1. Taking 1 over the mean of 1/r across every pair of different Cα atoms in the range B:370-507, what Kirkwood radius in Å do you get?
2. Be a star and scan the range B:121-150 for residues whose amide nitrogen sits under 17 Å from the point 7 Å along the Cα-to-Cβ vector of B:L342.
3. State, as an integer percentage, the relative contact order of the range B:104-250 based on alpha-carbon contacts under 8 Å between residues 6 or more apart.
4. Relative to the compact-globule scaling 2.2 N^0.38 Å, provide the ratio for the alpha-carbon radius of gyration of the range A:110-175.
5. Can you give the three extents of the C-alpha atoms in chain A along their principal axes, from longest to shortest, in whole Å?
6. Taking 0.36 nm per residue of sequence separation and subtracting the Cα-Cα distance, how much length would be gained by fully extending the chain between B:T218 and B:T28, in nm to one decimal?
7. At a temperature of 4 °C and a viscosity of 1.567 mPa s, determine how fast the range B:86-178 diffuses translationally according to Stokes-Einstein, using the Kirkwood radius over alpha-carbon pairs as Rh; express D in µm²/s, rounded to the nearest whole number.
8. What's the FRET efficiency of B:N147 with A:A263 using the Cβ-Cβ distance as r and R₀ = 25 Å, to the nearest 0.05?
Amino acid sequence: MKTRKKQLFWYAAIIASVLMVAPATLVHAAPASISSLSEKILIAKDGSARVQSRVDVADLKGAQALELPMNFKKPGDIAAYCMNSGQKRQVQCSLTEKGSASYLVLNTADLDKSAMPIFVEFNVPVFMKWSDAGPKQHDLYEGKHSFDNLSAHLIEKYNMELVLPEGWAFHKVLKSEPAVDKNSPKMPYRFFLNDKLSHLALDGKDMKFGRSANVKYSFKAVSKSPVTLVVVTIVGILYLIFFRDLLAKYRKLSGEERLARKAA
Amino acid sequence: MATATKDAAVGEISFETNLTAMPTKKETSKAALQKYIGFPLGLIIFALLYYMPAPSGLTMEGQAAMACFAAALVWWVLEPFPTYVTSLVLLGMLTVYSGWEEKQIFGVLGLEVIWLNILSFILCSTLVKTQLAKRVALWMGVKWGRNSLLILLAFLGLQLLMAPFIPATMARTMMVLPVMLVIAQVYGSTAENNNNFGVNLFMQNLQGISIFSSAFLTGSTCNIVAAAFIYEMGGHKVYYSEWMFGMLPITIVAMLISWWIGPKFIAPIAKEDRQPRVKGGITHMQKLLEEMGRLSFDEKRAGGIFFLVLFLWATDQYHVGWFGFEISAVMAALIGAVIAFLPKVGLLKWNDCDIPWHTMIFSAGAYAGGLSLYNSGAARWVVGTIFEAIGLQKGASFAVVYMIIITFCMFAHLFFTSKTMRSIIMIPIIITIARELGFPPVALALPAAFTLTWVITLPTNAKPNLVLYSTGQFSIADNLKYGLTMCAVGAALLIVAGFTWFKVLGITP
């Protein structure tokens, strides 16, 4: 019995030691949270895109690197910089792959809080294939983009902004994540014009590992066919000609009503 | 709607209804001119909205939806062709110009609201066939039908009495509809040849149904949603009594104003229509009532089915506790309709039903237009743009801000048809504006919430409006004229109350 009790005591002591040490190691191992990450995707007429990102981290926790999910295929001309005491300073970056996931690694070894935010820009040679996008019915084109957070960083606020080339405008959002909540006054996405370019912005928040923000949208050329205008004009004129008997009826009935009022 | 049947002698009441047939209206010079101008005007408005450069925040889908809906609205009001034709044209335009998806557009005819309308008319047919509607109409006519103003007041009293106990507006509509049809006839108003008594009777009931819903917190779902936002975002709990004490007096005054100005100024009742025109007058109606004798077994069955449905409508919030699930309004109506059709137990055969299918088609178009505006974000864009354009700046006085918000909210239903959606979108914006300008949120949000159910300008604004419109007793133009006037009256009353009664109650500073 005594031996059994001793054994149990040592087991409990070992487990307690592990539990006491583990949180400390976990704390040290926890990656920095990204306060906000925004991606502005300027789509060009040839289907390529220029991506402008902005990363804000409130507390780097001495991290040597930030590993940002790269959800674009074959990005090129990658440049990362930050503003330090009013001076633009380059931030070293590289692409890495883990399995099927790609990451943009930013070297943050000698960066501190005052260096935030970090700006990243790169080109994407094929963001959208026009032949796949459309034209579908009613001259509509469809596109989509997804941001999947496959990094260890929690992204507190995420913003995706798609900008169509000049002469194109968004028609509608077909599907989005976050989805529209009918009971909420706030929409997860919004449309706006800036410098005559059509923008679609989607907001996400508290994006842990594995969470996605994505949008599927339709768009079309801004210029409208003049056929409708011609048809509307012709139909309107024809109506005014063929239904002019209504004017005669109006005059006749007006006269009758006037007489009836006088008689009354 | 009740029509004088061809075989009925002049001045006699017919207790049959014939809502299925489109009434052939008497032609007027105004109608002829409206028809001539209406179609090209709608085309012009469509072209202007469709071809204008899309403003910031509005998608191409939203722009197309707005253009199509605006044209349809002009055609519904001016009626260059029947309203159901406009609705069919609108369904086509929305599809062609991608204002909405084709599947969704045509699916509107399968919406709950259309089913509710169809089933409600079936239930109404049980009251007509069994003559229960005739009995109630004769009783009301004998008691209060001595002159037009008295009977109009009786109906308002009835609406006020029903409002706190029967929140379901369709229930209140179906209860009074058969009676109104007969009373309209008593005063000489039929679908083919309606007079201003008919216009006033139906318009005042249309208004009463909606306006009295604003008098009680539980009067409509949108009221409860608004109160929830005021609590969650504004930090103020709105009690039933606070809502009632605030708004009930306003609604009573408003409806009394409507009762008075309608027959005098908006749709003046001709001298000959101020007294019952039925052959033999009230005495004859008394005789008809006595001849009916006691309630027949069929009347009792019809009453039983109708009250079962009304009971289910009125007690929807308790169903989950009683049955474990809620019986929706349309399911309750379906239950009643099925019972009405059952052999031996029921009362109706299909040919006994009087359903105005042209109104269902009109409704489908109207709902498709409204839903396309909402789903495309166009309605939300309009609200947001107007609030921005109002340019409410810091330093603006409470009085100015209050007046602007009340006026806007009172008329917002013209382009933003869903009450609950207006509640979800507008109330949070108003609370945010209040906070930014340094005013107590409840001072702006609660009076704004009071306007949510004032959906009284067009038949498409609310289900009861559509049902009442289907009787042919008033035109869309009548509805618009009377409704806009009453909205202006309502806005004025709320503005005056904001500086007086609401101050006493502590709602406004």
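A short reminder: the numbers here are calculations on the coordinates, not readings from a lab. All figures in this text were calculated on a predicted structure; none of them were measured in a lab. Here the Cβ is made from the backbone with ideal geometry for all residues, glycine too, and neighbour counts use every protein chain on show.
1. Working: mean 1/r = 0.0635 Å⁻¹.
This gives a value of 15.8 Å.
2. B:123, B:126
3. Result for the range B:104-250 is 21 percent.
4. Taking the Cα Rg and dividing by 2.2 N^0.38 Å, one obtains 1.55.
5. 121, 55, 39
6. Full-extension gain reported as 64.1 nm.
7. Taking Rh from Cα pairs, D becomes 79 µm²/s.
8. Working: r = 26 Å, r/R0 = 1.03.
Calculated transfer efficiency: 0.45.
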